[in-house]
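Here is the structure we will look at.
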Amino acid sequence: MNPIIETAGELCKILFPIEDRVYFGNSESNVAVCTLSSMKLLSEIVNSSLMTKVNIAGRLLSENKGIDLLVRHVISNRKICIIVLCGKDTVGHRPGHSLLCLYQNGIDWDGKIIGSQSPDPVLSLTSGEVLRFQNQVRIIDKMGEVGILNLRPIISSKN
């Protein structure tokens with residue numbers, strides 16, 4: 001990793017601390033919701049009746065460690081077969097864009113997400129884990145959508 005980018009990332013953690021937030025809902029649901037950087041949307045979903053239709057809801061802020069964690073969690077839970085990708089993508093890191101590239105293109109021999117335009121889209125996932133992810137889920141791309149009323153019918157219809 002570039003030392004300047006790594007230093008900037010560490011500085012951001014100090015100046016703008018963001019707690020890891022993952023919320024578990026209905027363990028029988030096949031739907032995961034990723035709100036990218038839209039924390040308000042995540043809060044609205046978690047505090048609504050939608051959580052009875054959602055297995056897990058969380059945010060995604062980085063194009064590397066965040067995607068590693070998301071993919072490993074999803075492939076460890078065979079029930080999850082739909083990811084609703086919504087909210088605003090993080091400017092600069094673009095993890096939503098990288099997640100879609102991973103889903104569509106996979107990784108190269110160095111673990112880099114093929115086609116990603118993020119600054120450091122290098123994962124620790126194996127090609128086998130990526131293939132399991134690609135075969136297990138379908139991503140519903142609603143990036144940019146921050147209205148819970150517009151997402152409610154999409155999430156509710158997927159169970």
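Read-outs throughout are calculated quantities, based only on the coordinates presented, and are distinct from any laboratory measurement. The shown structure was predicted, so the numbers you read here are calculated from the model rather than taken from an experiment.
Apply the Karplus curve 6.51 cos²θ - 1.76 cosθ + 1.60, θ = phi - 60°, to the phi angles in the stretch 132-147 and return the couplings in whole Hz, x for Gly and Pro.
With the stated coefficients, the stretch 132-147 comes to 4, 4, 4, 7, 7, 10, 10, 9, 9, 7, 10, 4, x, 7, 10, x Hz.
Based on DSSP, what percent of beta bridges with both residues in the chain are antiparallel, to the nearest 5?
Values: 5 of 18 bridges.
Counting only bridges with both partners in the chain, antiparallel ones make up about 30 percent.
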